Every structure is written in structure tokens, then in C-alpha cells.
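The values are calculated or read from the model by the stated rules, or taken from the named source; none is laboratory data. None of these values were measured; they are calculated from a predicted model. With ideal geometry, Cβ positions are generated from the backbone for all residues, glycine too; neighbour counts draw on all protein chains shown. Ligands, DNA and RNA are excluded from the accessible area calculation, which covers all protein heavy atoms including side chains. Shrake-Rupley method; radii C 1.70, N 1.55, O 1.52, S 1.80 Å.
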Amino acid sequence: MKKLALHWKILIGMVLGIVFGFIMNSLDGGKSFVTDWVKPFGTIFINLLKLIAVPLILASLIKGISDLKDISKIKKMGFRTMVIYMMTTLVAIIIGLGIVNVVKPGAGMSVDTIEKIKIKYEGSSGVVDKLSKANAQNDAGPLQALVDIFPSNIFTALGDASMLQIIFFALFVGISLLLIPEKKAKPLMDFFDSLNEVVMKMVDLIMLFAPYAVFALLANVIIAFDDTEILLKLLVYALCVVGGLLLMIVFYLILVSIYTKKSPLWFLKQISPAQLLAFSTSSSAATLPVTMERVEEHLGVDKEVSGFVLPVGATINMDGTSLYQAIAAVFIMQVVWPEGLTFSNQLIIVGTALLASIGSAAVPSAGMVMLVIVLEAIGFPAELLPIGLALIFAVDRPLDMCRTTVNVTGDATVSMLVAKSLGKLKDPKPKEWDDNYDAVK
């Protein structure tokens, strides 16, 4: 019998996890059972992905840069990558603003609903935490984001998984390898090539556990929501975000179809395991190893391109997050600060969201932190900020799952576009976890 494809296994795990979560939500002691006995398996899975993310970025980026043989190629690939990422992010923000201004999900929300949401979420640790993180970023100097790219200690950067610092170090090492004699560079290049192969095989092994892990992750997400009345009140806002994200997916598929001449359905099928994991984990950084494996082996993108474009994308390309910030900012203003809905403020939202996407960390709920910065950029009253965050806090996690899926899809799309433009898009050659099993028995 034909083996069931991985994306179907993951999808089955997600559906069963959602059903199991609703069942446990209705039983006495069900929530504590999921928290104590189910959630840990999802946490283990995410930890394993994070474990290999750093060595994978380091190995693939150094190997990819050193294989280019010509520094001018790095400039060409880097320029094209940044231009396409900025273009797709701008499209995402415009789509978001278009939808929220047409639908107006915040108009007409009752005072009673606003007060109920305020009481439930305004003083919650989640809202307070997002405000404190945003304030810390605002207190930093204007060039602090640039300073943070350059590590003072690479081992500290590796331990903290500081992606931009790791990318800088890997680029630095890769360029330096190009500038020394090939004979002396070869041993180190061979080491990173071998490390890259080992880590990619580790991805295959970890993915065997993926269907069970997403079951645990989704079950835990479901038990976190117990106020269905508020969720229903925020349904129109949530549908605006989801609708915008779906339009971004369509935009990606059009780009893939027109420029790379590949079937959109084929593209979705090949990248779907990474999309489903992004949805389950809400972290493009944790999903990065799987994204790289799918892009290289199943989409046919050369390692030289994927090793550069995807780590950079996981750090600075946040199309889904930018679209969400545009919709969320205007939605909050529609509810509590309608006088702020001017054309000039919406232009400021475009620019600030574009810049914020570059600094947004590839971790769960980072988008809400950047949302505070976007709101403050337009002069949103400080006393209304806790209420504004409280308005959307109830549905932030499921929307975070959706926008992370778009972020990962955008990374894969751009890697294909860059690879095609450089003649580095080849026929895919998928590998299985047991390819060499018979040889080592």
C-alpha cells in the first residue's frame, strides 16, 4: 500500500488535536491533563527543531557563500533577496489596509463588549509583557538595531540563538573563506558541508514525530480559549486578517506560476509540511530547518540560494506579521480612537510596519510587540494602549499561527524567485530518512 504523505499525516494530527482539545475543554480536569501529559510532547518537538536551527543556519550559509567562488555573486543575490522581500512586505501592508478600511470591523462594537474585553485582558500578564517589551525597544537608540547585528561573542550569540548575529558571522566566515587559498579553505568547507548533510538528516528524523507533536500543540492551543462570546465578537476582525493572509498566499502562487513556471498546486503540496508546522508552532525560526529541507529537496532550490535566503527571511521577512499589524492598528483605532484615522497616519503605518517587519523576532507573538511600536509612531494615546492590546489579545494566538504560515510561505516563494533569477532552480531530489539504512545495517 502506498505510504501516506507527510503533509496528510500532519493534517490528521492537527484535526485530531483540535477535536481532542475541545473534548478535554468540556471535561473536569481535562485542561490540566492536556497541560501535564500532552503539551510536553509538543514542547519537546519545538525544542528539537530549535536545537538544529542554529547549526543548520551556520553550516548552510557558510557552505553556500564559500561555494559561490565570487564575492560579486553575494552582492547580486543579497540585493535581489532584499528587494523582493521588501516588495512582498509592502504588498502585504497595502492588502491589510485595503481590507480593514473597506470592511471596518471595529465600527459599531458595543461599549459593553469593549468593557468586558478590557476587564478580562487589560491587566493580564500577556498584555503587560508585550507593552514592556515594546517600551524597551523604544528606549533603545535609533541605531541599536544595527548595533545588535554585530556580536561581541559568537558563542553567546549561538547560545541565545540571535539569528541576525549568527547570519552576520556565517557571512563573515564564508566571505573570508573565499579570500584565502582554496587548498587551505577546503578542510573547513568540507566540515560545514558534512555538518549540513547531518543536520538535514536530523530534520528527516525529527519529522517522523511531527504528526504526534502537532496533535499535542493544537490540543494545548484549544484549551487556552474558554470565552467563546468574546471570540465571536472579534470574529469579523479575525476574518479580515485571515482573508488578507489568504490573499497573500494567492499572491505568492501567482508569482511562482508566472516567474518560475511551476504549478501553484505543486508548490503548495511540496511546502505544506513546513506550512503546517509553522501553523502549529507559531514560530518561523523553529520551522526553519523544515523549511530549508522542503525548499532544497522538494522545490529544487540550490543550497547556495536557500542557505542565504531562508535564514535571512526567517529574521526579516514578516509579510503575514506586517499585514496583521496594518489591520490590527486600524481596527484598534476604529474602536477606541476613530479621530486618528487620517490618511497621513495610514501612510505612517505603511512605513513603520515595513521597518518593524525587519526587526520583528521570529518567535510567537512578536508581531504584537511590533504593533505597539506602530501605534506609538502615529501618536496613539498612551493611556489607550492597554485597552487597544486587550481588544485583540483574545484572538492573537490563532492569528499568530496563521500569519506565521504566511511568513514561511513567503520565505519559500522568495527563495524560488531568487534561485530562478540566478539559474539555481533545479529538478527536486527528495531524500528519505532511511535512504542509507540498508547500507549501514
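In table form, for the structure just shown:
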| read-out | value |
| --- | --- |
| 20 °C / 1.002 mPa s Stokes-Einstein diffusion coefficient of the stretch 159-210, Kirkwood radius on C-alpha pairs, µm²/s | 165 µm²/s |
| Of V406, W266, I349, farthest towards positive along the dipole that unit charges on Lys, Arg, Asp, Glu beta carbons give the chain | W266 |
| Residue-normalised accessible area of the chain, expressed per residue, 1.4 Å probe, Å² | 45 Å² |
| Volume per residue that the Cα convex hull of the stretch 177-336 spans, once the total is divided by residue count, Å³ | 159 Å³ |
| Paired Rg and Dmax values of the stretch 290-417, which use every Cα atom, in angstrom | 16.4, 52 |
| Heavy-atom accessible surface of the stretch 205-352: percent carbon and sulfur, 1.4 Å | 72 percent |
| Whole-Hz couplings from phi, Karplus 6.51/-1.76/1.60, listed for the stretch 177-192; x for Gly and Pro | 5, 6, 9, 10, x, 4, 4, 7, 7, 4, x, 5, 5, 5, 4, 5 |
| Relative contact order of the chain, defined on C-alpha pairs under 8 angstrom at six or more residues apart (%) | 31 percent |
| Surface/4 of the Cα convex hull for the stretch 1-122, nm² | 15.5 nm² |
| By average C-beta atoms within 10 angstrom, highest first, the peptides 108-115, 191-198 | 191-198, 108-115 |
| Most to least packed among 213-220, 234-241 [average Cβ atoms within 10 Å] | 213-220, 234-241 |
| The chain - mean residue ellipticity at 222 nm from DSSP helices (-39,500 (n - 2.57) per run, n ≥ 4, rounded to 500) | -25500 deg cm²/dmol |
| Cα Rg, Dmax, the chain, angstrom units | 22.0, 73 |
| Helix axis angle, 303-316 relative to the chain longest principal axis, alpha carbon, degrees | 20 degrees |
| Karplus (6.51, -1.76, 1.60) ³J(HN,Hα), θ = phi - 60°, over the stretch 89-100, in Hz, Gly and Pro reported as x | 5, 5, 4, 4, 5, 5, 4, x, 5, x, 5, 5 |
| Violating pairs (Cα-Cα greater than 28 angstrom) within the set K75/K420; K50/K104; K63/K201; K39/K429 | K50/K104; K39/K429 |
